[in-house]
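Everything on this sheet refers to the single structure shown next.
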Amino acid sequence: LKSLFTMEELIHSGIFSISRRAGDPYFTFWKHTLLFPYYYEDTVVYIQGRIIGNASYQRDGKTKQGSKWNNLPKTIPCLYNVNNLLHSDIGGEEVLICEGVIDTLTLLDGGYNAVGIVGAENFQARWVDEFKKHNAIPILALDKDEAGERGSQKIVNCFKNNLKRVYPKDAKDWNSCL
């Protein structure tokens, strides 16, 4: 990457960050990470990473437990798999709004139309327009927990009407149904 882009471009993209402690640039996805690209109009506009294995790290001689999810330090510009809405004749069909990439992929694999948000409460009101433009019927499919309930209420408020809600049977989230 460093041979193709300037460090300023890499930092602006979020792929590299600046260490608060030393002021040095570092690669954002610093452990063995599975990367999930977010496409909008066939262009990668965001990347989310999932650390494979242990997410712990050393700081000040102590082992700390980090998050298994790595997000770029910038605003999330679109829903995961929004190209599904942009490039298909989805008019009048249901589209499940999931909590996270893995649940989205699980439902897509099951044959459902699905898009994902990064975390239960991160749905943006501006994303409602994508559903309206494509005459898609939003269905809430967030996790069956407190965060999923709060996120579902936020989404209902964004759409300004009540939405159908589906839950995984005998599980907290869709990925647990595999």
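Which pairs turn up if I take residues in segment 81-106 that are charged (D, E, K, R) and look for partners that are open to solvent by less than 10 Å² (accessible area, probe 1.4 Å) and part of a strand (DSSP E or B) with beta carbon separation below 9 Å, at least 6 apart in sequence or on another chain?
Sorted first by the residue in segment 81-106, then by its partner, the pairs are Glu94/Ile139; Glu99/Gly116; Glu99/Ile117; Glu99/Ala141; Asp103/Ala114; Asp103/Gly116; Asp103/Ala141.
Restricting to segment 55-64, name every residue that is open to solvent by 40 Å² or more (accessible area, probe 1.4 Å) and on the phi < 0 side of the Ramachandran plot.
Taking segment 55-64 and keeping what is open to solvent by 40 Å² or more (accessible area, probe 1.4 Å), we get 57-64.
Within segment 55-64, Tyr57, Gln58, Arg59, Lys62, Thr63, Lys64 meet the criteria.
List pairs: first residue in segment 23-45 and closer than 11 Å to Cys78 by Cα, second residue among the aromatic types (Phe, Trp, Tyr) and surrounded by 11 or more Cβ atoms within 10 Å (Cβ to Cβ) anywhere in the structure, Cβ distance under 6 angstrom, at least six positions apart or on different chains.
Tyr38/Tyr46; Tyr38/Tyr80; Val45/Tyr38
Mind checking whether some residue in segment 116-123 is more than 14 Å from the chain's Cα centre (by Cα) and either within 24 Å of Gly49 (Cβ to Cβ) or among the polar types (S, T, N, Q) (or both)?
Residues of segment 116-123 more than 14 Å from the chain's Cα centre (by Cα): none.
Within segment 116-123, not a single residue is more than 14 Å from the chain's Cα centre (by Cα) and either within 24 Å of Gly49 (Cβ to Cβ) or among the polar types (S, T, N, Q) (or both).
Tell me which helices (runs of 4 or more DSSP H) are completely within segment 65-178 and hold 2 or more residues being open to solvent by 40 Å² or more (accessible area, probe 1.4 Å), or say none if there are none. I'd like the intermediate steps shown before the answer.
Values: elements: 83-86, 101-109, 128-133, 146-159.
Ranges flagged: 101-109, 128-133, 146-159.
Read through the list (1) more than 23 Å from Gly116 (Cα to Cα); (2) among the aromatic types (Phe, Trp, Tyr); (3) within 14 Å of the chain's Cα centre (by Cα), then give the number of the only condition that Phe36 fails.
Result: Phe36 fails condition (1) only.
Looking at segment 56-73, is at least one residue among the basic types (Lys, Arg), at pLDDT 90 or above and within 23 Å of Asp173 (Cα to Cα)? It would help to see each step written out before you state the result.
Of all residues in segment 56-73, those among the basic types (Lys, Arg) come to 59, 62, 64, 68.
Among the residues that remain, those that are also at pLDDT 90 or above are: none.
No - not one qualifying residue is present in segment 56-73.
Filter segment 1-18 down to the residues that are outside any loop (DSSP other than H, G, I, E, B) and open to solvent by 90 Å² or more (accessible area, probe 1.4 Å) and list them by number.
Glu8, Glu9, His12
Tell me which residues, restricted to segment 19-54, are open to solvent by 30 Å² or more (accessible area, probe 1.4 Å), assigned to a strand (DSSP E or B) and either closer than 30 Å to His87 by Cβ or touching an Asp or Glu at 6+ places or on another chain (Cβ under 7 Å) (or both).
Of everything in segment 19-54, those that are open to solvent by 30 Å² or more (accessible area, probe 1.4 Å), assigned to a strand (DSSP E or B) and either closer than 30 Å to His87 by Cβ or touching an Asp or Glu at 6+ places or on another chain (Cβ under 7 Å) (or both) turn out to be Thr33, Leu34, Leu35, Pro37, Tyr39, Tyr40, Thr43, Val44, Val45, Ile47, Arg50.
The values are calculated or read from the model by the stated rules, or taken from the named source; none is laboratory data. Everything numeric here is computed off the predicted structure, so don't read it as measured data. For neighbour counting, all protein chains shown are included, and Cβ atoms are generated from backbone atoms with ideal geometry for every residue, glycine included. The protein model used for the area step is the full one, side chains on, heavy atoms only, and it has no ligands, DNA or RNA in it. Shrake-Rupley method; radii C 1.70, N 1.55, O 1.52, S 1.80 Å.
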